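Undergrad: The structure that follows is given in the form of structure tokens.
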Amino acid sequence: MNASSTKIMTLKERDKKHLWHPLTQHKIHPEALPIVKAKGAVLYDEDGIAYIDGIASWYTAMYGHCNDYILNKAQQQMRQLDQIVFSGFTHQPAIRLSEELIKILPDNQEKIFFSDNGSTANEVGIKMALQYHFNKGEKRNTIIAFEDGFHGDTFGAMSASGLSVYNGPFEDFFIDVKRIPTPNSENIESVLTLLHSIIETHEVAAFIYEPLVQGANAMHMFEAEYLDQILKICKGCAIITIADEVMTGFGKTGKNFASDHIETKPDIISMSKALTAGFVPMAITSCTQEIYDAFLDDSVGKAFFHAHTYSANPIACAVAIAGIELLHSEEIQENIQRIVKSHKQFNDKIKDHPKVKTTRQKGIIYALDLNIDMDRYGKKRYEIFNHFMKQRIFLRPLGNTIYILAPYVITNKQLKQLYDGIIDLLEIV
């Protein structure tokens, strides 16, 4: 073939031949931007253009992309042990991770179970709660969850999620879930009344919730004191409480876990995303000793028969240990406080802007609602997204909500670039 007639395909063109991207209507948005390199808080495309990663790539790369400390730990582990079946075998990285994780989890957590991602971590938690009652001879088949919550895309997790934009075609196949509003000072009494009514009329196995911040629900935030009242009622009725800390865990709310802000601790906690710092997929579901003990029996049928091929992958465990070490380093803790302070100063600057409807912050999570009506994934949303990309910043609007959840290593200069891009948007939106 004549060399001059051979067409060299770009990455974009090669992508479109075979790849199906998540959360994408390919007929409307057929192209994806190739990213070829990432370091710290910066992404680089194939043309060498740099973008500030304002959402830590879906809240994973909290210690910065390709962090050298974590990278070295991963490389060391790769030379020692790559993958081993976790049924019947164990290994030092998993054992050490369990020890380090239990140190920072709420005091009532004692056991950890490995899976692959946030959705499966919640799936595991829901199955644990249902089988807990089954093993005790009780038939409890209803789950309580918050309206507009999001817990993942596998069927149990999806059943508990309340965002129909994700769930619509599958709702006829869901497990039984009853929903209550997130509580606040104005509705707390009606929420508690509804909660009591559900408990009285259904066999409730568990209550699953995102503590204090609902990520996919446009970073909706609510107060610990009202959630605590719900948790106390559930505890009193032997309803298993499941805290979905997939998004909120590992320092984002200013504490190790959002549950640390709340007096009543959950029976089960699901975690992923920042757990492995954006390096490799892994998830963990932790639970109390009481939950674990309900599965101990001479009958094999009462064991928890749930497994993932890559459960407790040694490399992922090594990465997670390194992430915990970084989280509690003086540098990262100082960075968290710096980002918290910086967001507050930015908020003071723009909160009264006529195009800003509301603002909110919890730890390093900052969000503002634009004072305009728009669809979650409509044309206006993509115009705003493209505005940010032209400003060389990566922010993903959730409808009319703009939020920042950047890596802990982001610099003040890079933060200013994010803020300036938002200010520019307010002048033209």
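The values are calculated or read from the model by the stated rules, or taken from the named source; none is laboratory data. This structure is a prediction, so every number in the text was calculated from the model and none was measured. Positions of Cβ are backbone-derived with ideal geometry, glycine not excepted, and every protein chain shown enters the neighbour counts. Keep in mind that these areas ignore ligands, DNA and RNA; they rest on the heavy atoms of the full protein, side chains included. Shrake-Rupley method; radii C 1.70, N 1.55, O 1.52, S 1.80 Å.
Undergrad: Carbon and sulfur together cover what percent of the accessible area of the chain at a 1.4 Å probe radius?
TA: Its accessible area is 52 percent carbon and sulfur atoms.
Undergrad: Run the numbers for Phe170 and Asp107: contour at 0.36 nm per residue of separation, minus the present Cα-Cα distance, in nm. Spell out each step's value before the answer.
TA: Values: separation 63, 0.36 × 63 = 22.68 nm, distance 3.74 nm.
So the chain would gain 18.9 nm between Phe170 and Asp107.
Undergrad: Largest first, what is the accessible-area ranking of Arg96, Arg376 with a 1.4 Å probe?
TA: Arg96, Arg376
Undergrad: Considering only the other residues whose Cβ falls under 15 Å of the Cβ of Gly421, what net charge follows from Lys and Arg at +1 and Asp and Glu at -1?
TA: Around Gly421, the surrounding residues sum to +2.
Undergrad: In degrees from 0 to 90, rounded to the nearest 10, what is the angle of the helix 314-327 Cα long axis to the longest principal axis of the chain?
TA: Approximately 80 degrees, to the nearest 10.
Undergrad: With all protein chains present, calculate the accessible area of Glu383 using a 1.4 Å probe and round the result to the nearest 10 Å².
TA: Surface open to solvent at Glu383 totals about 80 Å².
Undergrad: Relative to the longest principal axis of the chain, what angle (0 to 90°, nearest 10) does the C-alpha long axis of helix 92-104 take?
TA: It works out to around 80 degrees.
Undergrad: Give or take rounding to whole Å, what are the principal axis extents of the alpha carbon atoms in the chain, in descending order?
TA: Result for the chain: principal-axis Cα extents of 71, 56, 48 Å.
Undergrad: When we measure straight from the Cα of Lys252, which aspartates and glutamates land under 18 angstrom away, once same-chain ones fewer than 8 places off are left out?
TA: Of all the aspartates and glutamates, those that pass the test against Lys252 - Cα under 18 Å, at least 8 places apart if same chain - are Asp53, Glu210, Glu223, Asp244, Asp260, Glu325, Glu330, Glu331, Glu334.
Undergrad: Okay, moving on. Stick to Cα atoms and the Kirkwood definition of Rh, then tell me Rg/Rh for region 1-138.
TA: Values: Rg = 21.9 Å, Rh = 20.1 Å.
My calculation puts Rg/Rh at 1.09.
Undergrad: Using the Cα gyration tensor of region 380-422, with a ≥ b ≥ c the square roots of its eigenvalues, what is the shape: rounded (a/c below 1.5), prolate (a/b larger than b/c) or oblate (neither)?
TA: Prolate, since a/c reaches 1.5 and a/b exceeds b/c.
Undergrad: Something else: Mind checking the angle between helix 379-390 and the chain's longest principal axis? C-alpha axes, 0 to 90 degrees, to the nearest 10.
TA: Here the helix axis deviates by roughly 60 degrees.
Undergrad: In whole Å, what is the distance between the alpha-carbon centres of region 4-40 and region 200-269?
TA: One Cα centre to the other: 39 Å.
Undergrad: Turning to a different aspect of this structure: If we sort 19-31, 51-63 on the protection proxy, mean other Cβ atoms within 10 Å, highest first, what's the order?
TA: On the way: 19-31: 9.8, 51-63: 23.4.
Answer by packing, highest mean first, reads 51-63, 19-31.
Undergrad: In region 279-429, how does Rg compare with the Kirkwood Rh, expressed as the Rg/Rh ratio over alpha carbon atoms?
TA: Rg/Rh for region 279-429 comes to 1.13.
Undergrad: Shifting gears a bit: What whole-number value in Å² describes the accessible area per residue of region 137-245 for a 1.4 Å probe?
TA: 41
Undergrad: Please express the shape of region 184-317 as an equivalent ellipsoid: the semi-axes are the square roots of 5 times the eigenvalues of the C-alpha gyration tensor, given largest first in whole angstrom.
TA: Largest first, region 184-317 gives 27, 23, 11 Å.
Undergrad: Name the residue from Ala318, Leu395, Gly378 whose Cα lies farthest towards the positive end of the charge dipole of region 274-429, charges +1 on Cβ of Lys and Arg and -1 on Cβ of Asp and Glu.
TA: Gly378
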